[in-house]
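Below you'll find the structure, written out as structure tokens, and then a few comments.
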Amino acid sequence: MAKKIILGAAAACAALVSLAATAASADPWWAHGGRGDGDRYYERVYAADSLIQREDRMADQIRRLSDGPRFNRWEAQQAWRGLSEARQQTWREVRAHGRELPADDYYRIAQRLDGVERFIRQEARDWD
């Protein structure tokens, strides 16, 4: 009886390990951290290029709003300052990690860009 329980538990553990390995390999966002210890360092990474493209779109938007009457000088300076700080952070992380950023760094920059976008929307809405 004890042998059957032990064999059953071993089979269940093997099935769980196999299932977890299959699920991890099926997720395209999981990548090796590149630190030389493949069993220990698996983390979610995101492309820095998506942040850079978003920053470029925001720069175009700020430029368009600044050219018209929708942004005064102070509002334009605030928007450019926020975007500049986000860009600097993006490039610091790219220098540190390459073009694939760890999730925490990516989300920290994305949240900063969200704040700049909220500011732009609010100030543009005030004009309407």
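The values are calculated or read from the model by the stated rules, or taken from the named source; none is laboratory data. Everything numeric here is computed off the predicted structure, so don't read it as measured data. Note that we place each Cβ from the backbone using ideal geometry, even for glycine, and neighbour counts take in every protein chain shown.
Some notes on this structure:
- Restricting the range 44-53 to residues that are surrounded by fewer than 17 Cβ atoms within 10 Å (Cβ to Cβ) and of a type outside the set (A, V, I, L, M, F, W, C), the residue that is farthest from Glu117 (Cα to Cα): Arg44
Per-residue answers, yes or no, for (1) touching a Leu at 6+ places or on another chain (Cβ under 7 Å); (2) of a type in the set (S, T, N, Q); (3) in the same structural domain as Arg118 (by TED's automatic domain parsing):
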position: Arg54; (1), (2), (3): yes, no, yes
position: Ile62; (1), (2), (3): yes, no, yes
position: Gln77; (1), (2), (3): no, yes, yes
position: Trp80; (1), (2), (3): no, no, yes
position: Ala86; (1), (2), (3): yes, no, yes
position: His97; (1), (2), (3): no, no, yes
position: Glu100; (1), (2), (3): no, no, yes
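Residue-by-condition table, conditions (1) small (Gly, Ala, Ser); (2) surrounded by fewer than 17 Cβ atoms within 10 Å (Cβ to Cβ):
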| residue | (1), (2) |
| --- | --- |
| Gly68 | yes, yes |
| Trp74 | no, yes |
| Glu93 | no, no |
| Pro102 | no, yes |
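- Ser84 satisfies every condition listed in (1) over 22 Å from Asp60 (Cβ atoms); (2) without any contact (Cβ under 8 Å) to a residue 12 or more places away in the chain; (3) of a type in the set (Gly, Ala, Ser) except (1).
- Whether a residue is under 21 Å from the mean Cα position of the chain (by Cα) and at pLDDT below 90 was assessed, and Glu55 does not pass this test.
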